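Just below is one structure, and these are the notes that go with it.
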């Protein structure tokens, strides 16, 4: 079973704004924006989710096939890691 | 309908079946508005619908003028080809998707419906639903897919909603930082408003805030200042700069990143000693986690009282405090308000509570049910009546004893210290140039407000006599 992925618990605040998510990373004083698709994954990561659950969320919410959703989830996770927004 | 030859597509009751389906789905989304705040001029929750007169009176007048102009110009009716296309693009909720270049596509149970502009027209349900983390759509609706993306976002001044959200996020993080630092220093503190009001009275609806309202016991005030200084905050005005002036219920501390902390010694409208205000509010305080830090917050009745006192402090022009109070009235029951009234009596804030409640619809009835007295101190009367700022200063001057003290007070208002000027006038906070302009314009500012302030003071004195 794959690991449960979560957002970093400290110094990270976010809000939904017109379907997107605006997040403030207090550690780097940087604002981030996630598009509508990204915001679905963000809310799942806030609760904690495995990769397969993230993919399922996308497939359930959007008109997208599983292989493409899996690829896009990996890309977003990589971007979140790069910005230091995921809990290690 | 594009491509339909200028005529409506056939369907039951003259409406295409899939248009009807899309319309129903849209209505379902919008129906949750009964639980949502008003974004524009819509009727209040529980109302009969429609738009408030104040919001449409100008647009109706404009439409009337345009219609009259059209008649006078005698150009005749708008050609159907123009009218139909325009209505299609701007008004209709569900329309066949004939041109992918024109319409943003959303699939509704296999039906293509809705231009982007139309989906944007009903953001209320979706926004609150996302905030609640409950999803944004009824089951069965699959939205158009775009690759999930995260990007660094520059917050531009031209985006007020984004700016407000960004500031709220910053305030949340600052709140966590301040309360963690106070706890480390062994200082008891209470978060009075901001996220407390948002969570207690707004539920899932968004409510932005701009500063951190911290109440500390009098004995911990000096140590709290030291903690704030260590975190990079500086007082807007030092004690010396406002010496002799009417004491404020809170002093503002600001940081270079724009975050500010209102350090409260008491709550506005409370005439009891600060120590008693602290002990009454801190009694049965609750805990809330703000950005991962646990903060003491007032219990429900105390929160309701704080909101009402804040409304009284800002008067009829304080749109946000009034909106908070309206929400509190809608959410809190009479038992809570009775407890708030009892608390107000213990901190000698009954008059301000009554004054605040009377500013909003339904408040006067609650004042009657709570049997709150009508008598008001002059300061409460001035504030709740929205008197010009100088009125309170003139009242304070009248009560200042001794000719020398009065003269010193007048001099310090005409040529104030920088901190005092920043406290009174927003212009003075806009850097050196703002401060310079505020100094230059101070005599004119005083002259402009003097007569209305004197009138307001005279009226208030008559009313409280």
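Observations, loosely collected:
- Residue in the range B:183-190 that is surrounded by fewer than 18 Cβ atoms within 10 Å (Cβ to Cβ), within 14 Å of chain A (Cβ to nearest Cβ), modelled with pLDDT of 90 or more and more than 17 Å from residue B:233 (Cβ to Cβ) present: no
- Any chance residue A:28 is farther than 19 Å from residue A:4 by Cβ and at pLDDT 90 or above: no
- Top-ranked residue of the range B:423-438 - restricted to ones that are touching a helix residue (DSSP H, G or I) at 6+ places or on another chain (Cβ under 7 Å) and either exposed (fewer than 12 other Cβ atoms within 10 Å of the Cβ) or more than 17 Å from residue B:388 (Cα to Cα) (or both), ranked as modelled with the lowest pLDDT: B:429
- Complete set of residues in the range A:50-79 that are assigned to a helix (DSSP H, G or I), in contact (Cβ under 8 Å) with a residue 40 or more places away in the chain and out of contact with any helix residue (DSSP H, G or I) (no Cβ under 6 Å at 6 or more places or on another chain): A:51, A:52, A:77
- Residue count, the range B:440-465 (criterion: over 20 Å from residue B:380 (Cα atoms) and buried (at least 16 other Cβ atoms within 10 Å of the Cβ)): 2
- Residues of the range B:196-243 satisfying the condition of being in a loop (DSSP other than H, G, I, E, B) and surrounded by fewer than 15 Cβ atoms within 10 Å (Cβ to Cβ): B:232, B:238, B:239, B:243
- For the range A:1-49, taking the residues that are at the interface with chain B (Cβ under 7 Å from one of its Cβ atoms) and assigned to a loop (DSSP other than H, G, I, E, B), the one that is nearest to the chain's Cα centre (by Cα) is identified as A:35.
- Verdict on residue A:78 being surrounded by fewer than 18 Cβ atoms within 10 Å (Cβ to Cβ), more than 7 Å from chain B (Cβ to nearest Cβ) and over 30 Å from residue B:160 (Cβ atoms): yes
- You will find that of A:52, A:63, A:72, the residue that is within 8 Å of another protein chain (Cβ to nearest Cβ), over 21 Å from residue A:14 (Cα atoms) and exposed (fewer than 15 other Cβ atoms within 10 Å of the Cβ) is A:63 and no other.
- Of all residues in the range B:138-160 being in contact with a helix residue (DSSP H, G or I) (Cβ under 8 Å, 6 or more places away or on another chain), more than 8 Å from chain A (Cβ to nearest Cβ) and within 24 Å of residue A:47 (Cβ to Cβ), the one that is modelled with the highest pLDDT: B:141
- All conditions in (1) surrounded by 15 or more Cβ atoms within 10 Å (Cβ to Cβ); (2) out of contact with any strand residue (DSSP E or B) (no Cβ under 9 Å at 6 or more places or on another chain); (3) at pLDDT below 95 hold for residue B:163, with the sole exception of (1).
- For the range B:287-304, the set of residues classified as assigned to a strand (DSSP E or B) and touching a helix residue (DSSP H, G or I) at 6+ places or on another chain (Cβ under 6 Å) consists of B:290, B:293, B:295, B:297, listed by residue number.
The values are calculated or read from the model by the stated rules, or taken from the named source; none is laboratory data. Worth saying up front: this structure is predicted, and the values here are computed from it rather than measured. Every residue, glycine among them, receives a Cβ derived from its backbone with ideal geometry; neighbour counts consider all protein chains shown.
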